[in-house]
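Engineer: Got a structure here, written out as C-alpha cells. Questions coming.
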Amino acid sequence: MNYLHEFLMLTLIHFLAVISPGPDFAIVLRQSISFGRKTAVITSLGIGAGIAIHVIYTLLGIGLLISQSTYLMLSAKVLGALYLTYLGINLLSSKAATNQSSLVEADNNKEDQKKAFMIGFMTNVFNPKATLFFLAIFSTIVNPHTPIAIQSIYGVWIVVTTAAWFSLVSFLFSKESVRQRFVKQGHWFERAMGGILLIFAGKLFLSLI
C-alpha cells in the first residue's frame, strides 16, 4: 500500500485547514501581541496538545461514536460555544494597561504560562469542528486497512506541525516592531479579539438551530 500518497494528501488537507483563520489563530495572535513570544509559543504547545486529544479518540474510534450521536455532538458544540463565549467576554472587558512592563512580566510568570497552555489546550479541545475534521480525513483519506502504527505516525505529524505552525505565528506577531503598534492600544486589540471569538461562538450556536 502506498502510505506516502496517503500521508501527502493528509498533510496537504491539514495544512490548508490549520492556516485558515479560526479560534486557535485568534488566541495565538492575542497572546503574541498582549503577552509576548514565550507565552504565545506555550499557548501554541497547548493547541498541539489539544490536537493530540482529537487524534487519540479518532484513532480509538470514539470520534465516530461522537459524530453519530446527536446528543454527544450537540453537547460538544454547546461546550465549545460556551467556552469561546467565556473567552470572548473576558477579552471584551479588557482595560487599558497602566504600563508596558506588565506585559513583559506576564511573559515570564510561571502561573501565567500554565494558564497560557490551558487556554490553547481548551480552545482546541472544545472546538467541535476539530472532531468532525479528524473524523473526515481519517475516514476518507486514510485506508481502513492502514496499520494503526502508521495512522499514529500521521497523528504525531499533525500534532507537531500544528504546534510548529502556531509557534511560527507567535514568532511573527511577537516581534517588537509589530507589538509596539498594538501595545499602546492593547485593550482595544483585545476587545477586537474578544469580538472575533464571540463571532465564532455565535456561528456554533447557530449551527445548533
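The values are calculated or read from the model by the stated rules, or taken from the named source; none is laboratory data. Everything numeric here is computed off the predicted structure, so don't read it as measured data. Positions of Cβ are generated from backbone atoms using ideal geometry, with glycine treated the same way; all protein chains shown enter the neighbour counts.
Engineer: Which of the helices (runs of 4 or more DSSP H) contained wholly in region 1-95 include at least 3 residues that are farther than 30 Å from Arg179 by Cα? Explain how you work it out, then say what you get.
Structural biologist: On the way: elements: 3-18, 23-34, 37-59, 62-68, 70-92.
Helices (runs of 4 or more DSSP H) meeting the threshold: 3-18, 37-59, 62-68, 70-92.
Engineer: Run down Thr140, Thr146, Thr131 and say which single residue is without any contact (Cβ under 8 Å) to a residue 12 or more places away in the chain and within 20 Å of Leu64 (Cβ to Cβ).
Structural biologist: On the way: Thr146 fails: without any contact (Cβ under 8 Å) to a residue 12 or more places away in the chain; Thr131 fails: without any contact (Cβ under 8 Å) to a residue 12 or more places away in the chain.
Criteria check complete, one pass: Thr140.
Engineer: Return the total of residues in region 1-28 being farther than 21 Å from Ser139 by Cβ and in contact with a helix residue (DSSP H, G or I) (Cβ under 6 Å, 6 or more places away or on another chain). Steps first, answer last, please.
Structural biologist: Keep residues of region 1-28 that are farther than 21 Å from Ser139 by Cβ, which gives 19, 21-28.
Next cut, in contact with a helix residue (DSSP H, G or I) (Cβ under 6 Å, 6 or more places away or on another chain) only: 23-24, 26-28.
Within region 1-28, residues that are farther than 21 Å from Ser139 by Cβ and in contact with a helix residue (DSSP H, G or I) (Cβ under 6 Å, 6 or more places away or on another chain) number 5.
Engineer: Can you name the condition, by its number, that Ser67 falls short on among (1) at pLDDT below 80; (2) among the hydroxyl-bearing types (Ser, Thr, Tyr); (3) closer than 19 Å to Arg30 by Cβ?
Structural biologist: (3)
Engineer: Still on this model: Can you pull out the residues in region 146-160 that are hydrophobic (A, V, I, L, M, F, W, C) and within 18 Å of Asn124 (Cβ to Cβ)? Reasoning before the result, please.
Structural biologist: Start the filter on region 146-160 by keeping residues that are hydrophobic (A, V, I, L, M, F, W, C), which leaves 148-150, 153, 156-160.
Those that are hydrophobic (A, V, I, L, M, F, W, C) and within 18 Å of Asn124 (Cβ to Cβ): Val156, Trp157, Ile158, Val159, Val160.
Engineer: Of the residues Leu45, Leu12, Leu29, Leu74, which single one is surrounded by fewer than 14 Cβ atoms within 10 Å (Cβ to Cβ), at pLDDT 85 or above and out of contact with any strand residue (DSSP E or B) (no Cβ under 8 Å at 6 or more places or on another chain)?
Structural biologist: Details: Leu45 fails: surrounded by fewer than 14 Cβ atoms within 10 Å (Cβ to Cβ); Leu29 fails: surrounded by fewer than 14 Cβ atoms within 10 Å (Cβ to Cβ); Leu74 fails: at pLDDT 85 or above.
Criteria check complete, one pass: Leu12.
Engineer: Only one of Thr98, Thr146 is out of contact with any strand residue (DSSP E or B) (no Cβ under 9 Å at 6 or more places or on another chain) and at pLDDT 75 or above. Can you tell me which?
Structural biologist: Working: Thr98 fails: at pLDDT 75 or above.
None of the other options fit; the residue is Thr146.
Engineer: I've got another one for you. Of everything in region 19-40, what is more than 18 Å from Ala164 (Cβ to Cβ) and polar (S, T, N, Q)? Give them in sequence order.
Structural biologist: Ser34
Engineer: Please work out which residue is modelled with the highest pLDDT, limiting yourself to region 171-181 and to residues that are more than 19 Å from the chain's Cα centre (by Cα), within 20 Å of Ser44 (Cβ to Cβ) and not basic (Lys, Arg).
Structural biologist: Here is the first cut: in region 171-181, the ones more than 19 Å from the chain's Cα centre (by Cα) are 175-181.
Filter again for within 20 Å of Ser44 (Cβ to Cβ), leaving 175-176, 178-179.
In the following step, the residues that additionally are not basic (Lys, Arg) were identified as 176, 178.
On the way: Glu176: 79, Val178: 73.
Checking each candidate, the answer is Glu176.
Engineer: Looking at Lys114, Lys184, which one is over 27 Å from Leu10 (Cα atoms), basic (Lys, Arg), at pLDDT 85 or above and out of contact with any Ser or Thr (no Cβ under 6 Å at 6 or more places or on another chain)? Before you say what the answer is, go through the steps one by one.
Structural biologist: On the way: Lys184 fails: at pLDDT 85 or above.
Going through Lys114, Lys184 in turn, the sole match is Lys114.
Engineer: Another question about this same structure. Kindly indicate the residue of region 108-153 that is β-branched (Val, Ile, Thr) and part of a loop (DSSP other than H, G, I, E, B) and also farthest from Ala201 (Cα to Cα) among those meeting that condition.
Structural biologist: Our first condition is that a residue be β-branched (Val, Ile, Thr); within region 108-153, this holds for 119, 123, 125, 131, 137, 140-142, 146, 148, 150, 153.
Still in the list and also part of a loop (DSSP other than H, G, I, E, B): 141-142, 146.
Working: Ile141: 29, Val142: 31, Thr146: 36 Å.
Among them, the one singled out is Thr146.
Engineer: Can I ask one more? Just to be sure, is Ala201 assigned to a helix (DSSP H, G or I), at pLDDT 80 or above and surrounded by 13 or more Cβ atoms within 10 Å (Cβ to Cβ)? First the steps, then the outcome.
Structural biologist: On the way: assigned to a helix (DSSP H, G or I): yes; at pLDDT 80 or above: yes; surrounded by 13 or more Cβ atoms within 10 Å (Cβ to Cβ): yes.
The answer is yes for Ala201.
Engineer: I've got another one for you. What about Tyr71, is it under 24 Å from Phe205 (Cα atoms), without any contact (Cβ under 8 Å) to a residue 12 or more places away in the chain and not small (Gly, Ala, Ser)? Spell out how you get there, then give the answer.
Structural biologist: Numbers: under 24 Å from Phe205 (Cα atoms): yes; without any contact (Cβ under 8 Å) to a residue 12 or more places away in the chain: yes; not small (Gly, Ala, Ser): yes.
Yes.
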